[in-house]
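Written out below as structure tokens is the structure these notes cover.
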Amino acid sequence: MESESPGPKVDDAFLNQFNYLQRTGALEDLAVLRNENRVLDALINDAASLFTLNSIETMMDFVTARILEQFIPTHLAILIEPPRGDELKQYCYVNLKPSAELVPASSYARIKEHFHDSPYPIAYEDFASDSPRDEGLLRFDPELLFPMCGIGGPFGFALLGRKIVGSAYTEVEKMYIDKFMRFLAIDIQNSLHRESSITDSKTGLFNHAYFTQRVAQEIAHVARHGADAGLIMLDVDHFKIFNDTWGHLAGDEVLNALAMTLKRTVRSEDVASRFGGEEFCVLAIECDKKKLMEVSERIRIAIEDMAVKYQGETLKVTASLGCCLIEPGLRAGADAFIEMADKALYLSKSGGRNRSTLYRQGLLDRAAAIRKRAISG
């Protein structure tokens with residue numbers, strides 16, 4: 001009868017080495033390093049995904065999703081100071097769910113000033129030791145503050161409240177948040193600079209150059225897919241007389257109010273632009289003749305209903321509008337279609353103002369469009 005063979009012997013030298021590493025804490029250090037490497041790998045992947053996002057809103061959705069995989073803070077607030085305008089962009093969350101509660105502007109100013117001098121993450125406790133008690137900020141249960149810096153210095157910050165589950169933030173978690181916020185700051189600043197380059201500085205609407213580019217793209221889309229689109233050009237009636245009467249500051253208030261009215265009135269897929277001076281344009285996507293005139297009249301009535309408060313006075317204006325349909329088969333570029341809308345606008349002005357007029361194609365244009373449709377059909 002054969003005896004069972006003994007199992008493999010553990011080498012005494014190896015066992016001694018293992019015990020030595022365990023006693024000195026080297027194995028624990030190795031585990032920490034491995035965890036840091038995993039976090040860094042995740043950070044690289046997150047940064048690559050982040051840079052594919054164009055809007056700040058989609059970035060915020062991504063940020064909350066990634067933080068949720070790490071931990072849940074009681075509060076999260078990300079504040080961004082746009083390159084133009086005084087209004088802060090705030091994205092605030094309670095338990096990573098959107099919240100209407102906002103950080104006071106005075107709190108933002110103090111924290112920004114701190115990060116201007118020292119652009120590094122800081123525990124709120126350390127920050128508060130050098131500043132007066134801030135009740136408005138304490139509502140956010142602040143624990144950590146992270147700067148968001150660009151070429152011109154800090155333009156925002158991220159605030160994290162304490163963790164709902166678990167102990168205090170670990171050094172690895174702090175490192176992840178810090179690096180991630182640095183990547184986020186770069187992506188946000190790129191988005192803000194792009195927005196500044198394609199929008200009008202006074203009204204925030206798209207500018208002339210971007211609008212013309214979008215019209216050209218829509219003309220190509222119409223030619224390729226056959227769906228109609230429309231252009232609307234509008235002009236504030238007697239605006240020079242208005243400025244002479246009330247002054248240019250009052251005129252600026254009216255232009256800003258008109259821009260806000262356009263944003264509220266047009267559909268989300270449409271493109272509203274300040275074309276220059278008191279002239280504005282709208283590109284109406286997938287819009288037939290009937291719908292185009294409905295959109296134009298909705299805009300005209302909304303402008304007529306505006307009541308602009310200025311120095312105790314209520315100011316009223318009207319606008320004239322010219323419309324042009326972008327149809328398949330019409331061989332024309334963006335400038336030509338804009339000129340057609342401008343001609344219709346002139347007819348609205350000469351016909352009494354405060355009205356909408358549709359540009360009518362000439363017989364040759366109509367014949368060419370019919371012939372093109374017959375051939376393609």
Answer from Asp187, Asp200, Asp141 - the residue that is over 27 Å from Arg110 (Cβ atoms) and of a type in the set (Asp, Glu): Asp200
Total residues in the stretch 309-332, condition at pLDDT 90 or above and either part of a loop (DSSP other than H, G, I, E, B) or under 22 Å from His208 (Cα atoms) (or both): 13
Glu304 charged (D, E, K, R) and under 19 Å from Thr245 (Cβ atoms): yes
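Kindly provide the set of residues from the stretch 221-263 that are in a helix (DSSP H, G or I), in contact with a helix residue (DSSP H, G or I) (Cβ under 8 Å, 6 or more places away or on another chain) and over 21 Å from Lys309 (Cα atoms), ordered by number.
none
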Members of the stretch 261-300 that are of a type outside the set (Lys, Arg), over 15 Å from Phe206 (Cα atoms), surrounded by fewer than 21 Cβ atoms within 10 Å (Cβ to Cβ) and out of contact with any Asp or Glu (no Cβ under 9 Å at 6 or more places or on another chain): Thr265, Met293, Glu294, Glu297
Set Pro154, Pro98, Pro82: member being closer than 30 Å to Ser197 by Cβ, modelled with pLDDT under 90 and within 24 Å of the chain's Cα centre (by Cα): Pro82
Residue that is nearest to Lys89 (Cα to Cα), among those in the stretch 135-151 that are assigned to a loop (DSSP other than H, G, I, E, B) and at pLDDT 85 or above: Phe140
Candidates Leu315, Leu249, filtered to the one that is buried (at least 16 other Cβ atoms within 10 Å of the Cβ) and aliphatic (A, V, I, L, M): Leu315
Test: residue in the stretch 134-157 that is touching a helix residue (DSSP H, G or I) at 6+ places or on another chain (Cβ under 8 Å), of a type in the set (A, V, I, L, M, F, W, C) and exposed (fewer than 15 other Cβ atoms within 10 Å of the Cβ): yes
Among residues of the stretch 178-190, those that are in contact with a helix residue (DSSP H, G or I) (Cβ under 8 Å, 6 or more places away or on another chain) and surrounded by fewer than 21 Cβ atoms within 10 Å (Cβ to Cβ), counted: 3
Hits in the stretch 217-226 (condition: over 18 Å from Glu339 (Cβ atoms) and in contact (Cβ under 8 Å) with a residue 60 or more places away in the chain): Ala223, Gly226
Filter pass, Arg214 being of a type outside the set (A, V, I, L, M, F, W, C), assigned by TED's automatic domain parsing to the domain that holds Thr261 and without any contact (Cβ under 8 Å) to a residue 24 or more places away in the chain: no
Residue check, Ala220 modelled with pLDDT of 90 or more and not assigned by TED's automatic domain parsing to the domain that holds Phe51: yes
Residue match in the stretch 110-120 (condition: of a type in the set (A, V, I, L, M, F, W, C), modelled with pLDDT of 90 or more and over 15 Å from Leu184 (Cα atoms)): yes
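Of the residues that sit in the stretch 108-134 and are charged (D, E, K, R) and part of a helix (DSSP H, G or I), which one is nearest to the chain's Cα centre (by Cα)? Break it down stepwise before answering.
Within the stretch 108-134, the subset charged (D, E, K, R) is 110, 112-113, 117, 125-126, 130, 133-134.
Of the ones still in play, those that are also part of a helix (DSSP H, G or I) are 110, 112-113, 117, 125-126.
Values: Arg110: 25, Lys112: 21, Glu113: 25, Asp117: 28, Glu125: 32, Asp126: 33 Å.
Result: Lys112.
Against the condition modelled with pLDDT under 90, closer than 21 Å to Phe140 by Cα and over 18 Å from the mean Cα position of the chain (by Cα), how does Gln22 come out, does it pass? Working first, answer last.
Numbers: modelled with pLDDT under 90: yes; closer than 21 Å to Phe140 by Cα: no; over 18 Å from the mean Cα position of the chain (by Cα): yes.
No, not satisfied.
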Odd one out for Met306, checked against (1) in a loop (DSSP other than H, G, I, E, B); (2) over 28 Å from the mean Cα position of the chain (by Cα); (3) among the hydrophobic types (A, V, I, L, M, F, W, C): (2)
Filter result for Cys287 (under 25 Å from Tyr346 (Cβ atoms), in contact with a Leu (Cβ under 9 Å, 6 or more places away or on another chain), in contact (Cβ under 8 Å) with a residue 60 or more places away in the chain and not in a helix (DSSP H, G or I)): no
Qualifying residue in the stretch 161-168 (condition: modelled with pLDDT of 90 or more, more than 18 Å from Glu87 (Cα to Cα) and either in contact with a His (Cβ under 9 Å, 6 or more places away or on another chain) or polar (S, T, N, Q) (or both)): yes
Where a residue in the stretch 50-77 is buried (at least 19 other Cβ atoms within 10 Å of the Cβ) and its partner, wherever it lies, is in a loop (DSSP other than H, G, I, E, B) and not hydrophobic (A, V, I, L, M, F, W, C), with Cβ under 6 Å and at least six apart: His75/Asp141
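The values are calculated or read from the model by the stated rules, or taken from the named source; none is laboratory data. Keep in mind the model is a prediction, meaning the values are calculated, not measured. Neighbour counts run over all protein chains shown; Cβ positions are idealised from the backbone, glycine included.
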